[in-house]
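Scroll down for the structure; my scribbles are underneath it.
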Amino acid sequence: MSIKHARTTLALTVAAGLTLAACGGGSPEAATAEPAEASPLDTVGIEELHTQAQEEGEVRVYAFTSRIASVEKAFEETYPGVDLIPTDISSTEQIARLKAEATAGTTTADVAYLSDAPVVLTDLMSEGLLTNYVPPRVAEALPKEFAEPLVANRLSTKTLMYNEEAHPDGAPVTNLWELTGDEWKGRVVMVDPQVRGDYLDLATEVVLRADEMAAAYEELNGSAIALDEGVNNAGEQWLKDLYANDLVLVDDTDTVNAAIGETGQKNPPIGFTSYSDRRDNEDEGWALQAATGVAPAPGIAFPALLAVTKDAENPAAARLLIDFLMGDDSETGGAGFEPFYVAGDYPTRTDVLAPEGAVSLEELGAWSIDPAQVAEIRSDVADYLLTLS
Amino acid sequence: MPSDTLKRTLRDPVVLLALGLLAVLAVLVLVPVAGLVSSTLRPEGLDAWRDVLTGRLAPALLHEPLLNSLLVGAVTAIGAVVIGGGLAWVVVMTDVPLRRTITFLASVPFALPSFALALAWESVFRNDLVGGRVGLLTDLGLTVPDWLAWGPVPVSATLIAHYYSLSFLLTAAALATVNSELVEAAELTGASRLRVARSIALPVVLPAVISGALLAFAEGVSNFAAPAVLGLPVRFHTLSTRAYGAITTGQTERGYVLSVVLVVVAAIVLLVSTRLAGRRKSFATITGKGARRKRVRLGAARLPVTAAVLLLVALTSIVPGLLLLTSSLLERTGSFTSGFTTHFWTGASDPSMAQGMAGILRNPQIVSAFWTTLALGLSVAVAASVLGLLLGYVMTRLRPADPLQAGLGKGLALLSYLPFLVPGVALGAAFIAQFGRPIGPLPALYGTFAILVIAGVAATLPFASQAGRSAVGQISPDVEEAATTAGAGLGRRLFSIVLPLSSRGLLAGGVLVFVNIVRDLSLLVLLVTPATPLLSVLTYRYASEGFTQFANAVTVVIVVISLAATLFARRLEGASQPWLEER
Amino acid sequence: MSGSSIALKALRKDFRGTAAVDGIDLEVPAGSFLVLLGPSGCGKTTTLRMLAGLEHPTGGEIRFGERQIAGPGISVNAAQRGVGMVFQSYALWPHMSVQGNVEWPLKIARRPAAERRRRVAEVLDLLDIGELAKRYPAELSGGQQQRVAIARTIAPDPSVLLFDEPLSNLDAKLRVDTRAELLRIHRATGATSVYVTHDQVEAMSMATHVALLRGGRIEQFGPPAELLADPASDFVATFMGTPAANVLNVEVKARRAVFDGHDIGRIDAALDGRRVRAMYRAESLRLAGPEASITATFAESAPLAGRFVITGTLRTRSTQRISVITDAPPALSPGDEFGVLFPERPDRLFSAEDGTVVSTAC
């Protein structure tokens, strides 16, 4: 009887624990709340970090990209005695896993490298599950928005791409509102924002930039935008018109790439995808090119975040790794940044040159998202999109 | 007097075993499900319930996806049962030639990832809705309507092609035990073969058929890949795509609410189906009377039936299998005209290809992942089959006349059916929370191989318990009671009578579990650590980076392992049951 | 082991609130051959399964000798009861050879290997199936499977042998042979046997005691001859005997039995104005020409030990089957009309209300 009783109690405890794990949420303001107590390690030099890291012996990282594997060798050569143990795991799963681990009072990662900034800030930062570490070495070269609330080492994009084989003279579109016209009816492709967070971020940014959207409308049509009933702003109106224009939704970025980029198409579609996927043009037989000079912007740039986990077992090694992943003092960021030094992605450090083969972020004109602002209205935009599809 | 009855019930070893299993299922299933439910009962969750059930979002979040899910699930279940059951009947009961080949090929589709079947569909039917490459028919200048290229038709068709395998394996195992006298007796009455199949063989294999239908239904409603690939372009959403989408876009509670809806729907389907099947007596076909097997002669129909059957299994196994293999050999993803290369298998690192990544066979991780995958698959298959046998046993032996026992049986059936429907992320998170810290004298299991096994067992429980149930359901109670009167206790009976007599069905179930574990399981992605690399995780890694060929190559390795396991199990089965051999 | 006496007291078993066995009392001495007889659904198999320990009684008790094996708060499990059971389906274990089937219960009973071998050989010999030892059940004929099932049951030397319609799957000739065989085994083992059947011929030929069950109750319990000679109710009368006795609903008027408006004989008891059920044994009736006052339509004639059982349907308002025994084969074809002559008095009278005996009017 007592065993049975104990079991029941246990089950209830665990259930309650899970509840905690599963309830993230919290207000976006919490994201910028009081940071966790600063660690003395935050300010020590590299040598000191390395010495302490050697004592710790290893550093475990959850990374949303498998490219972390190629950092492993370089890191272990640079910092002998510190074993880097990477785990590839998507941002969504990292978030779930970090929350569940926190509930269980355990931790299996020292560093989290992840995207989905709006969710990270609301779900993890507000719970204190991640702490920021800005390597003093790069602090000066890092714009404030990429140093707080979490350090970002690069920006990726979801931006308007077209088929340059079909349009050798440049982008066929110079204004986002053109996508809602007859010419592009049924020929705009993107991943369903209800399925992928970065596309939802794109839709959200459009709404946040409603004023710019309204201005672009007027620029294209010569008259001020008239909003439909129930539509609050020009951003929402654009989304509504785009969906009504038979926007094609798919499940995967590569499907978008292939649809737009496939060579030999007479009338290829246009759509939103990652600028950096252009690097696969040759391998895959694509003709992807980013549209520049699009009013008001062709898409968004969003950060890849680095953070030390709560109660990291190897705090010194964790900081050492983050420092390494921010790149060395060379113009290209060196070995630690090499896997991420891809045309179409943008280093956050002002002292690292953008990779060749892509236009600069300024020239691209993509909006750099503010994760906190996006987080604030993201779920409302998701709900709004639900009413469209 | 009632307390006396209760006392006796509680002394009944079958009831005690059932209670023990209930405790196991509580840890494996109830706690995660309860966590799922309770997380939707917090303020954010209640908002999510409101959003889902009422208001302007309900049509998009719930009504349409629910209808679509039910449609896809029902069509998948019916299609899988009709095709898989019909095929099983042809293979087991008739003199159709090439039975071994057909049986083998029919078990291939389940070993294939569902995207391979979606890929096969696309390569034939894809039209120019999305853009990019089109399928064979459009290439030939034919107009493929959207309803044939996208949406419920292709989603259901690919899911049927995927899951008829399940139905086939379960039904064939059950049919193999049908006494041919039953069939002959019916044929002597002048009944047509179809009629015999319907009125004689069907009732006998009904438990297996229902198991197959339930599994196909659950897989149909919970499958994400097929509706995502083939449904989204025409905005065809199911509950699973909505739930997955909500979770990945950070609206976890909403995703969980949708999952709870899915769980409730599935529970209703389960209860309704058992009611429909009724508590009909004597499904048992393994009686103490020996049975000889004789096959129905197809006569003039032999040739056309053979051709149709071969076409069916070839279209669902060889074609997608070859497409998958070929896709791993293409220089350019999905382009069958731009040249072939073995680089993704055996190539050395070449900066001009695939960002300098070497072929998978040169990747030291793949070897270790191979062995870990194999070890995990075997451990889970064995553990789940044991659990499935015990579950199947108590579910068939608990007495429905006793309300306590009837309730226990229903509870166990329900619990063991649900894990499919709990999203991998939720289940995985629950396991971390549950096993992340030491429990009493037990160390924290999180990060160990053991937790992968436990999670794997939980996730594949539906296969194992349905297989166990249909396998034990075939055994006549007499055969076991004879052992009871001989003085054998429960353990002895299970080991010496029930286990050997259900081994055929259990092996079939074990293979399903194995295949499911080595294939792809989003749940495991949450639980693996670098110490426990798995092939499915490697696929995921490659796929998420857009290295489709690498991903396909690893998938081919997985399929080969699965098929090898299937063949091995078949051999084992033949060796273990000499009394069922044809003479 | 020799047999033990069996006693059932107020034994009952409910399924979902309905009584399958509704209070049974009986007692047989050690070594008896008790047949539980009755139509399907009468509770006989349930009773047998309670004896075996496969079902738990809802009430009442069961004793084997001095030992209570089931009763309030007591339920000796099957293993400790010393029973052996032969199932209707034989319930051989299909994955074990004949040898394995017979030996396994001995293994369960932890008999030493040498003893097991000896005992298996002994019972296989007793049943004359020694040469089948290596075969699997699927390779045996029905009769052979039956013998294996019996061998398996008697191998551990049970003190109570239970049979659940063991002959129902055999052909007629084999059935007669096997009956003799079972009796031989019953005697050889000295066990008390309990045998369930719906076939009264089996009961007549094998039983020392018969319990005729109906609706979960005992209709009559006694030696087989007693049930035949002295039926306690109309149900017993119509169930027992080859052929079973004829029972007609008659009205008593001035001490005469009136059936369908015809006077068919005297009634000795003072029952005027009452309806009763009158029993006439087939051998008490005689065949007559179609001019007789009560006639029947001929259905069939079956030879029985040198005489003939004529079966037909009475041509009265209530169509009733009737059996008559004659010495010579009748020159009748199905559909022909024949007359039935009644004896002076019915062989027995039963109450029309509850079927019990009204008077012994012989």
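The values are calculated or read from the model by the stated rules, or taken from the named source; none is laboratory data. Keep in mind it's a predicted model, so treat the numbers as computed, not measured. FYI the Cβ positions are ideal-geometry reconstructions off the backbone, even for glycines, and counts take in every protein chain you see.
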Given the options A:157, A:180, A:174, name the one that is more than 14 Å from chain B (Cβ to nearest Cβ), closer than 30 Å to residue A:132 by Cβ and hydroxyl-bearing (Ser, Thr, Tyr).
A:157
Can you name every residue in the range A:332-375 that is within 15 Å of residue A:235 (Cβ to Cβ) and surrounded by 19 or more Cβ atoms within 10 Å (Cβ to Cβ)?
A:367, A:369, A:374
Name the pairs whose Cβ atoms lie under 6 Å apart, with the first residue in the range B:204-231 and touching a residue at least 60 places away in the same chain (Cβ under 8 Å), the second among the charged types (D, E, K, R), and 6 or more positions between them or separate chains?
B:229/A:251
Determine which member of the set B:361, B:329, B:374, B:378 is in contact with a Phe, Trp or Tyr (Cβ under 8 Å, 6 or more places away or on another chain), closer than 30 Å to residue B:416 by Cα and surrounded by fewer than 21 Cβ atoms within 10 Å (Cβ to Cβ).
B:378
Exactly one of A:93, A:48, A:58, A:140 is closer than 24 Å to residue A:155 by Cα and surrounded by fewer than 21 Cβ atoms within 10 Å (Cβ to Cβ), and that residue is A:140
Matching residues, the range B:30-48, being assigned to a helix (DSSP H, G or I) and either facing chain A (nearest Cβ under 8 Å) or in contact with a strand residue (DSSP E or B) (Cβ under 9 Å, 6 or more places away or on another chain) (or both)
B:30, B:31, B:32, B:34, B:35, B:36, B:38, B:39, B:44, B:45
Do the conditions hold for residue A:78, that is, is it modelled with pLDDT under 95, within 15 Å of residue B:429 (Cβ to Cβ) and either out of contact with any Pro (no Cβ under 9 Å at 6 or more places or on another chain) or buried (at least 24 other Cβ atoms within 10 Å of the Cβ) (or both)?
no
Restricting attention to the range A:90-112, does a residue exist that is under 30 Å from residue A:377 (Cα atoms), outside any helix (DSSP H, G or I) and polar (S, T, N, Q)?
yes
Working carefully through the options A:61, A:134, find the one that is farther than 30 Å from residue B:550 by Cα, among the hydrophobic types (A, V, I, L, M, F, W, C) and touching a residue at least 60 places away in the same chain (Cβ under 8 Å).
A:134
Looking only at the range C:128-148, filter to residues that are crowded, with 21+ Cβ neighbours inside 10 Å and farther than 11 Å from residue C:99 by Cβ; which one of those is farthest from the other protein chains (Cβ to nearest Cβ)?
C:147
Given the criteria within 14 Å of chain B (Cβ to nearest Cβ), of a type outside the set (A, V, I, L, M, F, W, C) and out of contact with any Ser or Thr (no Cβ under 6 Å at 6 or more places or on another chain), does residue A:162 qualify?
yes
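Residue-wise test of (1) of a type in the set (S, T, N, Q); (2) buried (at least 21 other Cβ atoms within 10 Å of the Cβ).
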{"site": "A:163", "(1), (2)": "yes, yes"}
{"site": "A:168", "(1), (2)": "no, no"}
{"site": "A:204", "(1), (2)": "yes, yes"}
{"site": "A:221", "(1), (2)": "yes, no"}
If you go through C:16, C:63, C:81, the only one that is over 21 Å from the mean Cα position of the chain (by Cα) and either under 18 Å from residue C:157 (Cα atoms) or of a type in the set (Asp, Glu) (or both) is C:81
Flag if residue B:20 is crowded, with 18+ Cβ neighbours inside 10 Å and over 30 Å from residue B:251 (Cβ atoms)
no
Residues within the range B:557-569 that are over 18 Å from the mean Cα position of the chain (by Cα) and surrounded by 21 or more Cβ atoms within 10 Å (Cβ to Cβ), tallied
1
May I ask you to verify whether residue B:14 is within 11 Å of another protein chain (Cβ to nearest Cβ), surrounded by fewer than 21 Cβ atoms within 10 Å (Cβ to Cβ), of a type outside the set (Phe, Trp, Tyr) and part of a helix (DSSP H, G or I)?
no
Lone unmet requirement of (1) within 30 Å of residue B:499 (Cα to Cα); (2) of a type in the set (Gly, Ala, Ser); (3) within 11 Å of chain B (Cβ to nearest Cβ); (4) surrounded by fewer than 19 Cβ atoms within 10 Å (Cβ to Cβ) for residue C:52
(4)
Might you let me know whether the range B:393-406 holds any residue that is farther than 28 Å from residue B:82 by Cβ, touching a Pro at 6+ places or on another chain (Cβ under 7 Å) and more than 14 Å from chain A (Cβ to nearest Cβ)?
yes
Could you please let me know if residue A:160 is closer than 21 Å to residue A:355 by Cα and not in a helix (DSSP H, G or I)?
yes
Selection count where residues are over 18 Å from residue B:217 (Cα atoms), more than 9 Å from chain A (Cβ to nearest Cβ) and in contact with a helix residue (DSSP H, G or I) (Cβ under 9 Å, 6 or more places away or on another chain), scope the range B:237-278
2
Hand me the list of strands (runs of 3 or more DSSP E) wholly inside the range C:223-273 holding 1 or more residues that are assigned by TED's automatic domain parsing to the domain that holds residue C:295, touching a residue at least 24 places away in the same chain (Cβ under 8 Å) and in contact with a Phe, Trp or Tyr (Cβ under 7 Å, 6 or more places away or on another chain).
C:246-253, C:262-266
Looking at C:168, C:141, which one is touching a residue at least 24 places away in the same chain (Cβ under 8 Å) and either over 15 Å from residue C:86 (Cα atoms) or under 17 Å from the mean Cα position of the chain (by Cα) (or both)?
C:168
Any residue that is hydroxyl-bearing (Ser, Thr, Tyr), closer than 17 Å to residue A:367 by Cβ and outside the structural domain of residue A:343 (by TED's automatic domain parsing) - is there at least one of those in the range A:285-299?
yes
State which residue is surrounded by the fewest Cβ atoms within 10 Å (Cβ to Cβ) when the search covers only the range C:66-78 and only residues that are within 16 Å of residue C:158 (Cβ to Cβ) and more than 9 Å from chain B (Cβ to nearest Cβ).
C:67
Exactly one of B:370, B:336 is among the aromatic types (Phe, Trp, Tyr) and more than 14 Å from chain A (Cβ to nearest Cβ), and that one is B:370
Test: residue in the range B:450-465 that is β-branched (Val, Ile, Thr) and under 14 Å from the mean Cα position of the chain (by Cα):
yes
If residue A:327 meets every condition in (1) at negative phi; (2) surrounded by 22 or more Cβ atoms within 10 Å (Cβ to Cβ) apart from one, which number is that one?
(1)
Over the range A:266-315, the set of residues in a loop (DSSP other than H, G, I, E, B), within 12 Å of chain B (Cβ to nearest Cβ), closer than 21 Å to residue A:245 by Cα and touching a strand residue (DSSP E or B) at 6+ places or on another chain (Cβ under 9 Å) is A:268, A:269
